[in-house]
Amino acid sequence: MSLTDRPATDLLRDLSARKISSVELVKAYAERIRRFDGQIKAFLHLDIDAALAKAREIDARRAAGQPMGKLGGLPVAIKDVLCTQGIRTTCASKILENFVPPYDATVVRKLKEADAVIIGKTNMDEFAMGGSTENSAYFKTTNPWDTSRVPGGSSGGAAACLAAGMAPLSIGTDTGGSIRQPAAFCGVTGLKPTYGRVSRYGLVAFASSLDQIGPLGHTAEDCALLLETIAGHDPRDSTSADLPVPQYTASLSQPLQGLKLGLVREHFGPGLDSEIEAAVREAVKDYQSLGATVKELSMPHSKYGIATYYIIAPSEASSNLARYDGVHYGYRTDEKAMLDELAAKQKQLESAQDAKKLAQLDTPLIRLYRKTRAEGFGPEVKRRIMLGTYTLSAGYYDAYYLKALKVRRLIRQDYDKAFEEVDFVVGPTTPSPAFKLGEKTDDPLAMYLEDLYTVTLNLAGLGGISVPCGFTKSGLPIGLQLQCRPFDEERLLQAAAMYQRATDWHTKRPSL
Amino acid sequence: MPDHPYDLIVGLETHVQLLTDSKLFCGCSTAFGAPPNTQTCPVCIGLPGSLPVMNREAFRLGLVAAIALNCEIPQFTKWDRKQYYYPDLPKGYQISQYDLPMSQKGWLEISDPKGRFAAKKVGIIRAHLEEDAGKSLHDEAAGKADSRIDLNRTGTPLLEIVSAPDIRSTEETRAYLTELKLLLTYLNVSDCNMQEGSLRVDANVNIHIHTPQGKIATPIVEIKNLNSFRFIERALAYEAKRQFDAWQETGRKMGDPGTFKQTRGWDDAEGVTFSQREKEESSDYRYFPDPDLCPVRTPTAEVQKVRGGLAELPAAIRHRLEKSHGITPYDSDVIVAQGRPLVDYYEEVARIGGDGKKAANWVTQELLRVLNERNWSLAQFPLTAAALGELVKLVVAGEIEITRAKEVFNDMVAHKRSAGESMAALGIAKVDTSELEAICREIVAANPKIVADVKAGKQQAVGALVGQAKKKNPNANPNDVRRICLEIIGGM
């Protein structure tokens, strides 16, 4: 196995034993990036020189026998939705094309303190809105298993750079499935933690009550390592949980006795690809052979998941994205052109003596807002801002937003009931494997249905993981999703690791 | 009876900045007057990814004020986003409280020592916390519109106190605002400094016109930008008349099709209100719960703790001063209006001087006169309460007569010395009774015409003798001189 194909924890052992250096590692990944990122386009920002300088410093400290952070010189890719001090943070949006944060997200700070080497910032759907990374304002990322296909999204760059061997660890975010779905599409392991497990401070908000930062890696152990580095209470995030963080890597190899898995009937209905169904049922059998018992159960409100999600998430987004107005930072429309246009319009209306339209003509300020936002946001972002503005408007709030909050509670109750009987809910991560680039761009609803099996977890605020569990005949990865009780990531990771000890799907790499 | 055929109906929305060191959702300073945009951080300027964290001290101050305003404190309250676009609102929304405010249904009692209105309770509909916006500075000099934004104020904690429309006159309006300001400053909740914008008032006003068919209400108008109590009084008086005139002209009343709540500003130079928003549409702020902040729970025990620790409130102090020191409501009002330090000062003067009424006279007349003349605060006043108390004590004991005491007071203030020292310096001493009698005999003997006048029944003629006695000894007490002279004349 080449260096860049190996799991991060494996590399860390060699780093600690000084069999390899951080500089060697960074160089190896940089070489992969040089060779393949032209094709994959996983990174929005790269600074290999800075990464090498950091790696050198870490190697020197290790050589001098100084204390070493948990990640000891491992490169980490960061989704471009987390603020990085002094490094452009765009959220793959034109509106933030020139935004350089003056501060680090808490997760970024923790990574730095743990001696991670930040290798680059990864591509994504604009403001994390989408399931294919095609909504990036900059370029589309491709799937390393089939570059005519999407890597999934919104953390498409995060998953693709792992699969392509361009980074050993990756940070993503998951609002409706944005870690798990690309992990499934790209054949890697991705964990969405319980809401509140990881600080959101410095994560550019899409839907605040749903967003959560999580790890992607080749194995459950990689995810465990990264999660224990970034998790924990943060006084800067009122919604972060004040609970101790288990050492996930330490307990990972403990096998789970008497494991009870729940198969949700609604996850095996119409729309599920037959190859995915077969692979998932096979994975369940694998668990049974490891001693697990399986129970079929129903989550009657799961069918409302997409509808509920597409009210709550856009509502919050419409508010969170109001700040991008061209006044204080970020993209601003060409002011002179805007003022000239406005003056011309005014002249025209005056000569036409159209008093009514004259009275309705924008003030320069309103026009600045309008044009900045019209030019700065992409179509999917605008669609969701409009949806959310509508659902929060007077007269519609009760029928949409308030109703959605009530259904959200019912969805959580479905989970609470399920977890009275089983330890984990298990099923497919996605209804279908990675689709072709452009296949769904004209059909937003079809794209939204990508989140069918993942959104309910965000609505319920719980944790889940996607692990590779097979391939379609055409060679596309398939993901198995396990969902857990609140803050039960320790056992979730143990269950995933148990499966990965018994199977080798997670060891497969695409040939590029 | 009012000289106009209508009642004025006023409800006030008062915003006060809370006296916290730091902002409502971040650690930036709230100090006034720093160079623009120097008291900001990613949170209060709404940079992407930043998150608010509630300032517990701000919440506590809100609780103190709400409890003092006799409000109910719900056990559960939450934060909402009020959404609108403006350049001094960098997030595109203000964090406020919408349907579940931290307090509601209270009241504030107002009264008038001059008796222009009967004491009454003005209802408080709600008091809730919210963050302040920044300041827009519009510079339109040289014909070139140029706006600048200062975000130092952004995120400063505000308490918005909404009164019921229970206020019926400009006098009641002033009394309400004065009492509210006093209450909040006594509680150290706010400094209520209107010049610095830490107390801002919007008034909702209309009139109920008496007609043979009953009362007719005019459409409600909200007047904004009321920067001083005087502005408010003038604006309300103007607006009432304007609404009456408008009704006489158009007959439009509240609830008529096409009527709506109008927003008007006050132009003090012109002495008029002017329309600021003509459009019929009401703003839709799209309030919804802020997902970045947790709801706040206030257990009953916490409410009780705050209530138990509440400082003595102005109304209670007035009542106590009137009762225990026997002073008039007018005097208690004057003293309490100056703030707690003067109350404490007065009580010490009264205790040492041994006479509450006399102490009140000295404090409200002499002391406040000096403070006004010199533009001093009480802390700058050179005499301790004990020193002034000693002077009052001497006056009460008849050791010194009142005009001389005022000379002594001025000397004490000028030279920062005790009453005894000033009296010595001014040569003031109580005149020995035998000496005074000798003086009196002397002047009686020298003024046979006055003696004759007195004997003829013109008692007031003796007053001329008092002046002569004071010439012989400035310390001669006029009352004593008068009494002794009359005795002597009576014995003649």
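Things to note:
- One residue stands out among those in segment A:404-422 that are more than 17 Å from A:Q483 (Cβ to Cβ) and surrounded by 16 or more Cβ atoms within 10 Å (Cβ to Cβ): the one that is nearest to the other protein chains (Cβ to nearest Cβ), which is A:L405.
- When B:R116, B:R126 are checked against the criterion of being charged (D, E, K, R), more than 14 Å from chain A (Cβ to nearest Cβ) and not in a strand (DSSP E or B), a single residue qualifies: B:R116.
- Scan of segment A:179-210 for residues that are closer than 21 Å to A:D234 by Cβ, more than 14 Å from every other protein chain (Cβ to nearest Cβ) and part of a loop (DSSP other than H, G, I, E, B), ordered by number: A:I179, A:P193, A:T194, A:R197
Every residue, every condition in (1) closer than 24 Å to B:Y287 by Cα; (2) assigned to a strand (DSSP E or B); (3) of a type outside the set (G, A, S), yes or no:
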site: B:F25; (1), (2), (3): yes, no, yes
site: B:A31; (1), (2), (3): no, no, no
site: B:A34; (1), (2), (3): no, no, no
site: B:N37; (1), (2), (3): no, no, yes
site: B:C41; (1), (2), (3): no, no, yes
site: B:S50; (1), (2), (3): yes, no, no
site: B:A65; (1), (2), (3): no, no, no
site: B:K82; (1), (2), (3): yes, yes, yes
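- Of all the criteria given as (1) polar (S, T, N, Q); (2) surrounded by fewer than 20 Cβ atoms within 10 Å (Cβ to Cβ); (3) under 30 Å from A:G378 (Cβ atoms); (4) modelled with pLDDT of 95 or more, the one not satisfied by A:T472 is (3).
- Whether a residue is in contact with a Pro (Cβ under 9 Å, 6 or more places away or on another chain) and under 17 Å from A:A77 (Cβ atoms) was assessed, and A:L162 passes this test.
- From the options B:E239, B:E233, residue that is surrounded by fewer than 18 Cβ atoms within 10 Å (Cβ to Cβ) and not in a strand (DSSP E or B): B:E233
- Checking each residue of segment B:452-459 against the condition of being buried (at least 19 other Cβ atoms within 10 Å of the Cβ) and either closer than 20 Å to B:T403 by Cβ or assigned by TED's automatic domain parsing to the domain that holds B:I400 (or both) gives no match.
- Filter result (among the β-branched types (V, I, T) and outside any strand (DSSP E or B)) within segment B:158-209: B:T170, B:T173, B:T178, B:T185, B:V189
- Restricting attention to segment A:89-125, the residues being within 12 Å of chain B (Cβ to nearest Cβ), in a loop (DSSP other than H, G, I, E, B) and within 24 Å of B:T40 (Cα to Cα) number 10.
- Checking each residue in segment A:455-504 for being touching a helix residue (DSSP H, G or I) at 6+ places or on another chain (Cβ under 8 Å) and among the polar types (S, T, N, Q) picks out A:T456, A:N458, A:S466, A:T472, A:Q481, A:Q483, A:Q494, A:Q500, A:T503.
- All positions within segment A:9-22 that are in a helix (DSSP H, G or I) and surrounded by fewer than 20 Cβ atoms within 10 Å (Cβ to Cβ): A:D10, A:R13, A:D14, A:S16
- All conditions but one from (1) surrounded by fewer than 18 Cβ atoms within 10 Å (Cβ to Cβ); (2) in contact with a helix residue (DSSP H, G or I) (Cβ under 7 Å, 6 or more places away or on another chain); (3) part of a loop (DSSP other than H, G, I, E, B) apply to A:R236; the one that does not is (1).
- Across segment B:430-447, the number of residues qualifying as in contact with a helix residue (DSSP H, G or I) (Cβ under 7 Å, 6 or more places away or on another chain) and of a type in the set (G, A, S) comes to 0.
- Segment B:159-191 - residue that is touching a Leu at 6+ places or on another chain (Cβ under 8 Å) and over 16 Å from B:I124 (Cβ atoms) and, of those, surrounded by the fewest Cβ atoms within 10 Å (Cβ to Cβ): B:N188
- For segment A:290-331, the set of residues classified as among the β-branched types (V, I, T) and within 14 Å of chain B (Cβ to nearest Cβ) consists of A:I311, A:I312, A:V327, listed by residue number.
- Put simply, of A:Q288, A:Q247 the only residue that is in the same structural domain as A:L71 (by TED's automatic domain parsing), over 30 Å from B:K82 (Cα atoms) and either without any contact (Cβ under 8 Å) to a residue 60 or more places away in the chain or under 25 Å from the mean Cα position of the chain (by Cα) (or both) is A:Q247.
- Residues in segment A:285-303 that are surrounded by 14 or more Cβ atoms within 10 Å (Cβ to Cβ) and closer than 15 Å to A:L256 by Cα: 5 in all.
- Note on segment A:233-244: residues that are touching a residue at least 40 places away in the same chain (Cβ under 8 Å) and away from chain B (no Cβ under 14 Å) amount to 1.
The values are calculated or read from the model by the stated rules, or taken from the named source; none is laboratory data. Note that this is a predicted model, so its numbers are computed, not measured. Glycine gets a Cβ as well: all are built from the backbone with ideal geometry, and neighbour counts include every protein chain shown.
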